[in-house]
1. Quickly run through segment 105-124 and pick out the residues that are near the ligand (Cβ under 6 Å from one of its atoms) and more than 10 Å from the chain's Cα centre (by Cα).
2. Any chance you could count how many residues in segment 79-104 are more than 7 Å from the ligand (Cβ to nearest atom) and not aliphatic (A, V, I, L, M)?
3. Within the bounds of segment 248-256, is there any residue that is within 21 Å of Ala166 (Cβ to Cβ) and under 22 Å from the mean Cα position of the chain (by Cα)?
4. Could you list all residues from segment 136-176 that are within 12 Å of the ligand (Cβ to nearest atom) and among the hydroxyl-bearing types (Ser, Thr, Tyr)?
5. Given the options Ala202, Ala189, Ala180, name the one that is more than 17 Å from the chain's Cα centre (by Cα), among the aliphatic types (A, V, I, L, M) and either crowded, with 20+ Cβ neighbours inside 10 Å or within 12 Å of the ligand (Cβ to nearest atom) (or both).
6. Among the residues of segment 124-147, write down those that are surrounded by 14 or more Cβ atoms within 10 Å (Cβ to Cβ), free of Cβ contacts under 8 Å to residues at least 60 places away in the same chain and in a loop (DSSP other than H, G, I, E, B).
7. Is it true that Thr177 is among the hydroxyl-bearing types (Ser, Thr, Tyr) and over 30 Å from Thr71 (Cα atoms)?
Amino acid sequence: MDVEIARTLDGALAYLASRPDAEPIAGGTDLMVEMNFGRHRPKAVVAIDRIDELRELLVAHGRVRMSAGVTYARMLREEIGSPAMRQAARTVGSPQIRNAGTIGGNLGTCSPAGDTLPVLAALDASVVLRSASGDRRVPFTQYMTGPKKTIRRHDELVVAVEWNDAGDAQVFMKAGTRNAMVIAVASLALVVDGRRSRVGIALGSSGPTIIRATEAERFGEGLMDETGWGRRRVPSDAALAELGSRVAAAARPIDDVRGTAAYRRHVLSVMARRAFARAVLLA
Ligand SMILES: Cc1cc2nc3c(=O)[nH]c(=O)nc-3n(C[C@H](O)[C@H](O)[C@H](O)COP(=O)(O)OP(=O)(O)OC[C@H]3O[C@@H](n4cnc5c(N)ncnc54)[C@H](O)[C@@H]3O)c2cc1C
């Protein structure tokens, strides 16, 4: 296997453009597993973990930009970004995985169980893709087209994700078969953005892609209109139960080794109720 170590973004993009059989490698926590199990062996890899331009994490004019090389450990160390993203980062793997694994790699693999992905969907984030011929920005919901399928072209890198700074009222929840080092049986990210009067709810491990629970989002916004945005009033149990039902109805889960479809719907409705009640107290 040819291994190219890129020091600049332009160098990595030029290599990808010249080698259609090459793939990027960042932390290697997904790609090396595939290689070690003999499931996938690219002819060439370009290491992108030494590229400074991919390490940016900043807020400017109310917009967060998290570059592809930001690791989970860094998300946890720095206050910038999103509270739900930090909660998701805390659940990922072990300290070793959190030190090496990156948001760009989570987007490169794009598994429905990827823990940052429901957060990006709930935040209405955009994925910034770059090739030698320029940048394009795509809403996350258009970027992911199926399980481990995206619209990214071979010669493009994910360089960053961007979203509007949505405040503190954000929650990420993940149900698994144990408390740590676990792939989500189902996960949920919920954002109550008082500045924009918007509720975002997205589900992981609940269908072939990350799913936005749009009817539940509109219902949640109606509840916030009634109780008052920023007034920190938890809606009634009946209202929360209705929100939970709408979230469960949005899911398209399957039965698999990790859980049944019925269990996934149940756990999603419970997580939605709890997440909304928790988020309104943070608004
Ligand atoms: C023990 C273990 C536990 C784990 N636990 C979790 C967990 O709890 N939650 C979770 O979500 N994931 C988990 N993972 C999976 C993995 O750690 C994450 O998906 C991580 O974000 C991958 O990032 P990476 O930088 O290591 O990616 P890599 O392995 O380097 O790359 C993954 C894929 O993305 C592509 N890629 C990498 N960077 C880019 C880029 N900038 N642009 C385009 N394509 C790119 C690569 O070509 C490759 O196809 C776990 C993995 C292991 C081994």
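1. Hits for segment 105-124 are Gly105, Gly108, Thr109.
2. Narrowing segment 79-104 to residues more than 7 Å from the ligand (Cβ to nearest atom): 79-90, 95-96, 98-99.
Filter once more, keeping what is not aliphatic (A, V, I, L, M): 79, 81-83, 86-87, 90, 95-96, 98-99.
Matching residues across segment 79-104 total 11.
3. First, pick out the residues of segment 248-256 that are within 21 Å of Ala166 (Cβ to Cβ): 250.
From the residues that got through so far, the ones that are under 22 Å from the mean Cα position of the chain (by Cα) too are 250.
Yes, segment 248-256 has at least one match.
4. Tyr143, Thr150
5. Details: Ala202 fails: more than 17 Å from the chain's Cα centre (by Cα); Ala189 fails: more than 17 Å from the chain's Cα centre (by Cα).
When all the criteria are applied, what remains is Ala180.
6. Correct list: Ala125 only.
7. Working: among the hydroxyl-bearing types (Ser, Thr, Tyr): yes; over 30 Å from Thr71 (Cα atoms): no.
Taking the combined requirement at face value, the residue does not satisfy it.
Residue-wise test of (1) buried (at least 20 other Cβ atoms within 10 Å of the Cβ); (2) farther than 19 Å from Met224 by Cβ.
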{"position": "Val161", "(1), (2)": "yes, yes"}
{"position": "Gly167", "(1), (2)": "no, no"}
{"position": "Gln170", "(1), (2)": "yes, no"}
{"position": "Ala184", "(1), (2)": "yes, yes"}
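The values are calculated or read from the model by the stated rules, or taken from the named source; none is laboratory data. Just so it is clear, the model here is predicted, and its values are computed rather than measured. With ideal geometry, Cβ positions are generated from the backbone for all residues, glycine too; neighbour counts draw on all protein chains shown.
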